[in-house]
Amino acid sequence: MAKRTKKSQSEIVQEIKEKAEKAEARAKTAKKADTVKAPKGAKKAAEQQAATAKPASGDNANDKALFLEHLPKVAEAKQKIKDATNAIRLLYKTAKADGFLKKDFDDAFEMQGEEGEKKKKAAIARSLQIAQWLGYDLGTQFDLFAQDERVPAEDRAYAEGETASMQGKPLKPDYHPATPQYRAYVKGFNDHQEKLGGQFKKLETEEETGYPKEPGYPKQPSNVVAMSREELKKQQAEGHQAH
């Protein structure tokens, strides 16, 4: 077996130099191929062709009719969105004057629904847990808050009835008339009605409510018109002027 002759240092340097020159030549060739320009005037001709290209006359007329049919509908919908956006901004501004922030309403909407309150409670508990880990005073409330203390059914029904009255809703409990929850709901509703005194406008009759009148039940009042603080102050001022 023939022995490989050992190359001298000068030969190795020469071999490396030749390989580098070949690699540089290949790179220049590839770059030149990538930058080959299209024939003169070809690009301009393609642009002119695209600009003057039109669909068939029949299709164009049909597309125009469809577009003009959709255009006013889209414009009307966009105007409704704009009007609604302005309206809700005004409502938030009025509520802010009474001391309520937009975040307060966001929280209220998040808590509504079957899982809303549960998710909100979990989020609050998590924040208190973090505060406890950091050693903040707020974290001392975590253990108390995390306890699964269920509100008695009658207490919850009473609160629901009171809230319905405050929101100006009719007296229509979601409970069967024979249950304690029904009676608690009605009591919560009527207790708030009594606080309002003469501010509600009318009373619902038994036929309007659709519920049988149980013995000993108080008369079931109707919708209440909820008043803002500004409206209440104005009404009180008018009452003083009348005297």
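Here are some notes:
- Just one of the listed residues (Gln132, Gln220) is of a type in the set (S, T, N, Q), at pLDDT 80 or above and surrounded by 10 or more Cβ atoms within 10 Å (Cβ to Cβ), namely Gln132.
- Restricting region 76-123 to residues that are outside any helix (DSSP H, G or I) and of a type in the set (D, E, K, R), the residue that is farthest from Leu144 (Cα to Cα) is Asp98.
- If the condition is being part of a helix (DSSP H, G or I) and in contact with a helix residue (DSSP H, G or I) (Cβ under 9 Å, 6 or more places away or on another chain), then region 124-138 contributes Ile124, Ala125, Ser127, Leu128, Gln129, Ile130, Ala131, Gln132, Trp133, Asp137, Leu138.
- Odd one out for Leu171, checked against (1) assigned to a helix (DSSP H, G or I); (2) in contact with a strand residue (DSSP E or B) (Cβ under 8 Å, 6 or more places away or on another chain): (1)
- Selection status of Ala108, out of contact with any helix residue (DSSP H, G or I) (no Cβ under 9 Å at 6 or more places or on another chain), within 27 Å of Ala87 (Cβ to Cβ), at pLDDT 85 or above and surrounded by 11 or more Cβ atoms within 10 Å (Cβ to Cβ): yes
- Verdict on Lys93 being surrounded by 13 or more Cβ atoms within 10 Å (Cβ to Cβ) and either basic (Lys, Arg) or touching a strand residue (DSSP E or B) at 6+ places or on another chain (Cβ under 9 Å) (or both): no
- Scanning region 146-162 for residues that are modelled with pLDDT under 70 and assigned to a helix (DSSP H, G or I) yields a count of 1.
The values are calculated or read from the model by the stated rules, or taken from the named source; none is laboratory data. Bear in mind the structure is a predicted one, so any value in this text is a computation, not a measurement. Note: ideal-geometry Cβ built from the backbone for every residue, glycine included; neighbour counts use all protein chains shown.
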